[in-house]
1. Yes or no: D77 acidic (D, E) and assigned to a loop (DSSP other than H, G, I, E, B)?
2. Working only within segment 28-57, note down all residues that are aliphatic (A, V, I, L, M) and either in a helix (DSSP H, G or I) or touching a strand residue (DSSP E or B) at 6+ places or on another chain (Cβ under 8 Å) (or both).
3. Taking the conditions exactly as written (of a type in the set (S, T, N, Q) and in contact with a helix residue (DSSP H, G or I) (Cβ under 6 Å, 6 or more places away or on another chain)), does S73 satisfy them or not?
4. If you take the residues of segment 4-15 that are free of Cβ contacts under 8 Å to residues at least 60 places away in the same chain and of a type outside the set (A, V, I, L, M, F, W, C), which of them is surrounded by the fewest Cβ atoms within 10 Å (Cβ to Cβ)?
5. Are there any pairs, at least 6 apart or on different chains, whose C-beta atoms fall under 6 Å, with the first in segment 100-124 and touching a residue at least 24 places away in the same chain (Cβ under 8 Å) and the second assigned to a helix (DSSP H, G or I) and not β-branched (V, I, T), and if so, which?
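Any read-out appearing in this document is the output of simple, stated calculations on the displayed coordinates, not a laboratory observation. What you see is a predicted model; the values in this text were computed from it and never measured. Cβ: placed from backbone, ideal geometry, glycine included. Neighbour counts: every protein chain shown.
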Amino acid sequence: MGISMGGYGALLLAEKYPALIRAVAAIGPAVWTSYRQARAVNQGAYASPVAFAAADVVTHAQALAGVAVRVASGLGDPFHPGVVALSRALPPGAVVDISPGCHSSPFFLAQEPPSLAFLGRHLTGG
């Protein structure tokens, strides 16, 4: 489970190693829709367009086909467009919670209990 960049990292880890990851939850994941967008906000975000393409969680979302996935995004989150793109690319069965909120602690804290419950169900079989 991760929040913001940690959410992006959790998704990326699950995509790179789906045989090792049974479930992943991302809250307000920092998902960019293009290399240009990422670099406009943070010049150090990716070393090159090739590096972005290799780590693009939207493009590689089908790698999550055997992984239980939950993603939550607030409607006011600046990463919301990236989460929408990701939600369209995720395999069937992924849980995507789009609700009021922003990229802030109140939204993150509200999403932690359902994310942990989701992980608990998928990691314990209960």
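1. Yes.
2. The answer is A38, A40, V41, V50, A51, A53, A54.
3. yes
4. Among them, the one singled out is G6.
5. Correct list of pairs: G101/F107.
A quick yes/no check of all residues on (1) of a type in the set (F, W, Y); (2) surrounded by fewer than 18 Cβ atoms within 10 Å (Cβ to Cβ); (3) in contact with a Pro (Cβ under 6 Å, 6 or more places away or on another chain); (4) free of Cβ contacts under 8 Å to residues at least 40 places away in the same chain:
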{"position": "G2", "(1), (2), (3), (4)": "no, no, no, yes"}
{"position": "Y17", "(1), (2), (3), (4)": "yes, yes, no, yes"}
{"position": "V31", "(1), (2), (3), (4)": "no, no, no, no"}
{"position": "Y35", "(1), (2), (3), (4)": "yes, yes, yes, yes"}
{"position": "R39", "(1), (2), (3), (4)": "no, yes, no, yes"}
{"position": "A47", "(1), (2), (3), (4)": "no, yes, no, yes"}
{"position": "A54", "(1), (2), (3), (4)": "no, yes, no, yes"}
